[in-house]
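The values are calculated or read from the model by the stated rules, or taken from the named source; none is laboratory data. Worth saying up front: this structure is predicted, and the values here are computed from it rather than measured. Ideal geometry is used to build each Cβ from the backbone, glycine not excepted, and the neighbour counts take in all protein chains shown. These area figures cover heavy atoms from the full protein model, side chains too; ligands, DNA and RNA do not enter into them. Shrake-Rupley method; radii C 1.70, N 1.55, O 1.52, S 1.80 Å.
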Amino acid sequence: MPTSTQTTESGPTGPSSEPEAGQQMPSSKPDGRAPKAVVRPGDRIFSAATLIAGILILVILAGVALFLLAQSKDTIEAQLTDPSQITGGKGFFSYVWPLVIGTLISAAIALVVATPFALGIALFTTHMAPRKLAPVLGYVIDLLAAIPSVVYGLWGIALAGNLTGFYLWLSQWFGWIPIFAPAADGSVSQTGRTLLTASLVLSIMILPIITSLTREIFLQTPRLQEEAALALGATRWEMIRMAVLPFGKSGIVSATMLGLGRALGETMAVAMILSPGVLTASLVVSGNQTIASEIAQNFPEAAGLRLSELITVGLVLFVITLLVNMGARAIVARTSVKGS
Amino acid sequence: MSKQIDIKDLDIFYGDFRAVDGVQMQIKPRSVTAFIGPSGCGKSTVLRTLNRMHEVIPGASVSGEVLMDGNNIYGAGVDPVNVRREVGMVFQRANPFPTMSIKENVLAGVRLNNRRLSKSEADDLTERALRGANLWNEVKDRLNLPGSGLSGGQQQRLCIARAIAVEPEVLLMDEPCSALDPISTLAIEDLINDLKDKYTVVIVTHNMQQAARVSDKTAFFNIAGTGKPGKLIEFNETSSIFSNPDKEETENYISGRFG
Ligand SMILES: Nc1ncnc2c1ncn2[C@@H]1O[C@H](COP(=O)(O)OP(=O)(O)OP(=O)(O)O)[C@@H](O)[C@H]1O
Ligand SMILES: [Mg+2]
């Protein structure tokens, strides 16, 4: 309200009435309307470009979702009319849930193994390593991220053979924990190509992403905060605990969630390493399967309903990933530092 | 609870650059000493060598001695962490830990020394430190809220409370009021006056009235030109620095004439 009365005053009554009138911008029109913001072509182009990019992402995402849904039609029909048609003979859900569990377990193990190492490496390179060594380590970590997953797969197969002894040892000493339980005859996988091997390789694959993201975050710790801790007599580790980690908390969460996303969706390495089988609690005997690997291994020969099934499984993975990312956003929003 | 500082032949380098040259100074316990001088003359540099904070900067080094009650803090085997526990520091910009509550901020330094505090000890210490920093009445009802929610002046006093909670021997302040309004500045100047009953205080300031108001002794640093090392020109009772300084350079600076 007050603005409208002011504008009617300042315009027609002329410059004599108010000192402000003389200070008005020359571009303002005599009718007293507020001057329009100047539009610069650069700004226009930029905002249009960002808008297009933003819309494009949504369109692609929606396109993928629609494609998956459309291709899932046969499966959904089969599920509704005659569930026994679906692989396994007991309907879609009993087919997919072992895959979901396998996927989640392998991704979770990968994350649990990789995160402490990634944080350790990131902290070492940013706050501990000699100043000459730190950038070299950074490059090496970034290089790890560029290795194609086929190479990790080959390496994982080689690794698997060497892990059998370790798995036998695990099953002998920790067999009472279900995840390390041996098979009924007391044996473990002869090839070592188990879900645990796949998970360990996954952990190495996601290590570089988590490391380089957290490294960037730790580098941005405000110098003032670090000095505040040091000036109180903090050791380097105490400084990290007081200033670096709290500052980086939300960043650490998003970095691990990106790593989790990669672990959930990783196909090639798991498909090469894991010799799939039915869902078992034990991670040291052969068995289990992940969604991405199931699709990769069966897609080449699939046709008709089987093809549609695999695509529906893909849809399930899509939804899981979406949920994980939304969960991560929620966590980040809750834990992010406000203020300086 | 308060130590004498003897600075002997202190040269300070950033890499190859000699930033400060040949400082000699004796700072008495339970006194306030002000460092004044033009920008870039090395006031902050000298201050930070008194608790070895300059070592945070890559390439920084010193030669010479800094004695705290006779013990060289640059002696062999002296851990800078222990030096900093005895020599507290307050920075130009208030830097409370943003994720910690007001109370946790005050206790942050004490917790570092791995001291286990009972709840009542923690409460007592918090109150004592906040009272010591003239902040208690303003924050006593919101001790568990984040320190970053306070005003700039309050945050700076919170940082002072955090520094005195560990009961240091010496308190260093680098332009603690430069980002504050006159009223908050006055509050902190009053506080410095109280603090000298217990601590040796060294303060860097660009504000001559402030130096004149709070300090017992004043050190005037100057620099001959860019790329030249800063030097201690005159170190004397504040009253004589501001009324009849020995050196013409000092007189020019405090009267606003340069060159
Ligand atoms: N981190 C650093 N690396 C290299 N040189 C530095 C660094 N910090 C300060 N110097 C140099 O040391 C000299 C003294 O700087 P210092 O910050 O101590 O000055 P000052 O008296 O505190 O100035 P001001 O009043 O502006 O704060 C300057 O020449 C400055 O360029
Ligand atoms: Mg300075």
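Summary table
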| item | result |
| --- | --- |
| Listed pairs B:K119/B:K140; B:K28/B:K103; B:K119/B:K198 exceeding 21 Å between Cα atoms | B:K28/B:K103; B:K119/B:K198 |
| Dipole of the protein assembly as shown [Lys/Arg +1, Asp/Glu -1 at C-beta], most positive-end residue of B:P96, A:A122, A:V39 | A:A122 |
| Long-range HN-HN contacts of B:F221 with modeled amide H, under 5 Å | B:I36, B:G37, B:I233 |
| Positive-end residue of B:G152, B:A133, B:S118, charge dipole of region B:53-191 with Cβ unit charges | B:S118 |
| Mean separation of Cα contacts under 8 Å (6+ apart) over length of chain A, as relative contact order % | 23 percent |
| Of the DSSP H helices in chain A, those whose Cα atoms cover at least 15 Å axially and whose Kyte score averages 0.5 or more | A:41-71, A:92-123, A:133-145, A:149-174, A:195-219, A:245-265, A:305-335 |
| Cβ crowding within 10 Å averaged over residues, with B:39-50, B:59-70 ranked highest first | B:39-50, B:59-70 |
| Nitroxide proxy distance, nm - points 7 Å out along Cα→Cβ at A:T50 and B:N82 | 5.4 nm |
| Rounded accessible area of B:D79 (nearest 10 Å², 1.4 Å probe) | 70 Å² |
| In Å, descending, principal axis extents of the Cα set of region B:45-141 | 48, 28, 23 |
| Per-residue average of Cβ from other chains inside 10 Å of B:51-61 | 2 |
| Size of electric dipole in region A:91-339: Cβ of Lys, Arg +1 and of Asp, Glu -1, about Cα centre, debye, nearest 20 | 700 debye |
| Share of alpha-carbon pairs per 20 Å distance bin for the protein assembly as shown, given as whole % | 16, 33, 29, 19, 4, 0 |
| Neighbouring partner chain Cβ atoms per residue of B:89-95, average, 10 Å criterion | 4 |
| Relative contact order, percent, chain B [alpha-carbon distance under 8 Å, six or more residues apart] | 28 percent |
| With Cα atoms, 0 to 90° folded angle of helix B:102-112 axis to chain B main axis | 70 degrees |
| Average other protein chain Cβ within 10 Å of Cβ, residues A:239-247 | 3 |
| Theoretical ellipticity at 222 nm over the protein assembly as shown - DSSP helices of four or more residues, -39500 (n - 2.57) apiece, nearest 500 | -17000 deg cm²/dmol |
| Buried area at the A-B interface (accessible, heavy atoms, 1.4 Å probe, summed, Å²) | 2000 Å² |
| Backbone HN-Hα couplings from phi across region B:91-97 [Karplus 6.51/-1.76/1.60, Hz, Gly and Pro as x] | 9, 4, 9, 4, 9, x, 6 |
| Mean-position separation - Cα centroids, region B:1-65 and region B:197-227, in angstrom | 13 Å |
| In Å², nearest 10: area of A:S212 left accessible to a 1.4 Å probe | 30 Å² |
